[in-house]
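What follows is one structure encoded as structure tokens, with my remarks underneath.
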Amino acid sequence: MRIAYCEDEAAQAQLVRTMIEQWAECKQEFVEVVLFESAEEFLFKNDDFPYDVVFLDIAMRQINGVELARTIRKKDKRLPIAFLTADKAFAIEGYEVHAVRYLLKPITTEKLESLLDELLAEQENKVEDTICITIGEKGNTKRIVEDSIRYVEVFGHYTQLHLADAPTIRIKESLAAVMDYLHKKELFVKCHRSYVVNLLYIERINRTECTLLDKTVLPVSRSSYRVLNERFIQYYRGLRP
């Protein structure tokens, strides 16, 4: 597990890192804790966010933890964020950025270990959230994490899987067959007869276009708009179809 911890009080940062390392030793798990003294340092050193979880203090200079969380959410809707803070006033904002936990200082071993246990269980469950795709004439099989699929595109006699963290994969399967592979069907919505989009990667929708977080623009057909828009709103209000 790789943890980023953004905290401007050095003593607090070292204390929490020690608590995490003790938990990891007890669980016999490998954990790397990367410390950042400010939100500015975190953003300067990270174009993307190669972490399993981000811990944030809130009361930091210049950019506070809530503002940093909002910036992270513009690029990554799924990265777990937890607030470790002495400030109770931002609890509502924590819900707005879908924080997994809001721990008040002083951080107790019991509460921190409970959070780490939860995150570890979630990480282990991700192994199940994969699909196996057969690629090429040799029948090579590739395992793909469903959440990494940004959108699926019909391309001639092939279907292309456009991924967030790897090159595009082209397979000789129909769009319907690819949809049958998926376990998290609630995340994937048809926006056009040739496209299925993952709700996690949508930034905005209008009646003719769907813009993704990386500014890719997909067409939206007249017949698909209503369902796509409803599902997008439902998902980000925390509802499920």
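The values are calculated or read from the model by the stated rules, or taken from the named source; none is laboratory data. Predicted model, so just to flag it, every value in this text is computed and none were measured. So basically every Cβ, Gly included, is an ideal-geometry build from the backbone, and we count neighbours across all protein chains shown.
Before moving on, here are some points about what is shown:
- Hits in the stretch 20-30 (condition: farther than 26 Å from Ile63 by Cα and crowded, with 18+ Cβ neighbours inside 10 Å): Trp23, Ala24
- Elements of type helices (runs of 4 or more DSSP H) contained in the stretch 6-104, each with 3 or more residues being of a type in the set (D, E, K, R): 10-27, 39-45, 65-75
- The stretch 117-129 residues that are surrounded by 10 or more Cβ atoms within 10 Å (Cβ to Cβ), paired with ones that are at pLDDT 70 or above and basic (Lys, Arg) (beta carbon under 8 Å, 6 or more apart): Glu118/Arg101; Leu120/Lys27; Asp129/Lys184
- Filtering the stretch 210-239 to residues that are loosely packed, with under 13 Cβ neighbours inside 10 Å and over 23 Å from the mean Cα position of the chain (by Cα) leaves Arg222, Ser223, Arg226.
- Verdict on Asp8 being farther than 19 Å from Arg101 by Cβ, of a type outside the set (Lys, Arg), crowded, with 16+ Cβ neighbours inside 10 Å and touching a residue at least 24 places away in the same chain (Cβ under 8 Å): yes
- Taken as a whole, the structure places Glu41 among residues that are out of contact with any strand residue (DSSP E or B) (no Cβ under 7 Å at 6 or more places or on another chain) and either closer than 21 Å to Thr108 by Cβ or assigned by TED's automatic domain parsing to the domain that holds Asp57 (or both).
- Matching option when the condition is in contact (Cβ under 8 Å) with a residue 24 or more places away in the chain, under 16 Å from Glu113 (Cβ atoms), out of contact with any His (no Cβ under 8 Å at 6 or more places or on another chain) and surrounded by 13 or more Cβ atoms within 10 Å (Cβ to Cβ), among Val34, Val53, Val66: Val53
- Taking the stretch 142-191 and the strands (runs of 3 or more DSSP E) fully enclosed by it, the elements with 2 or more residues that are out of contact with any helix residue (DSSP H, G or I) (no Cβ under 9 Å at 6 or more places or on another chain) and either in the same structural domain as Ile205 (by TED's automatic domain parsing) or among the aliphatic types (A, V, I, L, M) (or both) are at 158-163, 169-171.
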